[in-house]
Amino acid sequence: MHHCMVLILLLLVPHVHGKELSYIDWLSGLDKQGIELDSRDWQILVKKTTDAELKELISRYAHFVQQGRLNKQLFQPGWYIQGSNTTMRKDRLLSIKELKNLEPEYSEYQLLIKSLERMQRWREVARTEFPDGLILFEGDRHPVVTSLNRWLLDLDLVESLSGDLYTQAHKDVLTQVQLRFDLLPDGRLGVLTRQALLAITNERIRTLKANLERLRWLPEKLPFPYIRVDIAGFKVAWVEGLGKETVFPAIVGTRHKQTPIFSDVIESITYNPVWKVPHSIAAKSMLRAEKKEPGFFKREGFFIYQNWNDNAPRVDADTVKWSALKPSTFHYRLEQQPGVLNRLGQFKLDLPNSFGIYLHDTDKPDLFEKERRLFSSGCTRVKGIDHLIEKILAVQAGFEDEHKPGSSTFKRVLSKQIPIYFMYFTAWPDSSDRVRFREDVYQLDNALTSWF
C-alpha cells in the first residue's frame, strides 16, 4: 500500500526526488508497524516541503516509532512501566539507517508486524480467494481449503488444520463464528461467513496495532536475566537471553483485583512465609469465612493481633464475637502461619513495590489446571516456583546449593537483584513464534483499539 502512495506523490509532486523520496518511502512504510500518517501530514508532503517541515515531520514520527504514538497515561492509565529515556535529536535530520534502528529490538515486535501484514493481506484478497459463489460442504476437496486453513490459523481460531479436504473440523470452527455473528450455524463457508471472518480479521488488526504500541512503551532493552509476568497469558517467564526463556503457568488477579502493570526488582526470597493478610481481604472475605464457619481462623492457622501496630498484643480468636463485626469495624491484623494451609505456599519472592504485589507458591495447585486463571487478589502464583527459584539462585554470587532452609520462616537476600516486568499483551507469540490472541480479561484494549 505504501508504494502506491509514493507513486501518487511522484505523479502529483514533480519536485519529490532523491533524499526526500527515501524519507517519504520510510514514512509511508510505517503502516506496517501499525503507525499510519495523518491526512494532514500527507498534505504537507504533497506541497513543496521545506527542510524545517520535513525535519519536524520525520522527528515526530521517529518519536512514535521509538516511544509510542499514544499517551499511555490516557489510553491505559494503569501502565507503570518506565519506557525509553532516550531524547530524540532535533538538531538534525536523522538518516534512514538511524530511523530504522529506532524500532524496538524485541523479536516479538517483528513477529507481530508479520502477523499484521498477513491480516492486512487477508482483508485485501478475501473476496477473490473466497468468491461469492463458493460454498463448501463437508467432504468437498478444493484448493481453496488450504487458503482457508491458513486464514483460520492466522486468526488463531484453530490449533491446526491441513490439506485441501473440507472436514468436520472446518464446520465446527465456522459454526462457532456463525453463532458469534447470529448467522445460520450450518458450518458452511458462504458469503456471510466470509464477511464474519473479515470482521474478526479487522478486530485482529486493531488488536495487533494496540499491542505493537504497548511494545513501543517498553524500555529500549530489558536486562538479562529478567522475569516477565504475562498477565493476559497466565504465564511467568524466566528470560535468560534472546529466544532463551523458561515458562511457568501462573495465576493472576481477578477482574476486580487486577494484577498491576509495572516493573520492579526481586530483592529476596522468603521460605515458609507468614501471610500477613491485607486489611481489605481480612475485613471482607476472611471475616465472611469465619462467620460462615466459626473456628475458621483457628483451623486455618491464623494468628490474630489487636491492631496493625508492630507491638500489638495477640488475641485469642475465641474471645472475639466475630458475628457482631462488619468490614467497617474490623481492626484486627491476621497472620497465617507457615504450613500446608498457608495461602502463599512454601515460597515468596519479595518485591519492594507500593502495590503490595509479589510472586508466591500456592496451597491450591489444582487451580493451575484451569485454562482461565484469574483467582488471586493481585499477586501472582507460580506453578513450579521452586524451579524458578533455582534459576534465580544460579545467577547469585556465592550461592551454596547445600544450604537448605528448614521449616521455619527464612529470608535469603539476593546479591544480584532480578528485574521483573508485569506486562499485559493480548497478542503475543508462542514458543513456535505463532502469534496467539488472548482474551482481554481486564478490558484494557478498548481505548487503544478504538483509536486504531
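Key figures
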item: Distant alpha-carbon pairs in the range 186-276 (separation over 19 angstrom), percent; result: 64
item: Aspartates and glutamates whose Cα lies under 17 Å from that of K55, excluding same-chain neighbours fewer than 8 positions away; result: E20, D25, D38, D41, D91, E98
item: Nearest-0.05 FRET efficiency for L393 and W308, computed from C-beta distance (R0 45 Å); result: 0.85
item: Normalised convex hull volume, the range 263-354, alpha-carbon set, Å³ per residue; result: 114
item: Of all DSSP beta bridges in the chain, antiparallel share, percent nearest 5; result: 80
item: Whole-number percent relative contact order across the chain, with pairs defined as alpha carbons under 8 Å at least 6 apart; result: 18
item: Reachable lysines from K291, criterion Cα separation under 25 angstrom, eight or more residues apart if same chain; result: K257, K276, K321, K326, K364
item: The range 107-224: relative contact order in percent, alpha carbon pairs under 8 Å with at least 6 residues between; result: 32
item: Largest-first principal axis extents, alpha carbons of the range 309-452, Å; result: 58, 47, 30
item: Probe 1.4 Å - accessible area at E117, Å² to nearest ten; result: 70
item: Dipole of the chain, positive direction: furthest Cα of V413, P327, Y106, with charges on the beta-carbon; result: P327
item: Debye intensity ratio in log₁₀ form over the Cα atoms of the chain, taken at each q of 0.08, 0.11, 0.13 Å⁻¹; result: -0.64, -1.01, -1.20
item: Magnitude of the charge dipole, the range 292-419, Cβ model with Lys/Arg +1 and Asp/Glu -1, debye to 20; result: 460
item: About the Cα centre, charge dipole magnitude for the range 162-275 (Lys/Arg +1, Asp/Glu -1 at Cβ), debye; result: 280
item: Label-point separation, V158 to S59 (7 Å along Cα→Cβ), nm; result: 5.2
item: The chain - charge dipole about Cα centre, Lys and Arg +1 at Cβ, Asp and Glu -1, debye rounded to 20; result: 1000
item: For E300, solvent-accessible area (1.4 Å; no DNA, RNA or ligand), Å²; result: 40
item: Convex hull projection area averaged over all views, the range 179-333, Cα basis, nm²; result: 16.6
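The values are calculated or read from the model by the stated rules, or taken from the named source; none is laboratory data. Being a predicted model, the structure only gives us computed values, none of them experimental. Positions of Cβ are backbone-derived with ideal geometry, glycine not excepted, and every protein chain shown enters the neighbour counts. What goes into the accessible areas is simple: the full protein's heavy atoms, side chains included, and nothing from ligands, DNA or RNA. Shrake-Rupley method; radii C 1.70, N 1.55, O 1.52, S 1.80 Å.
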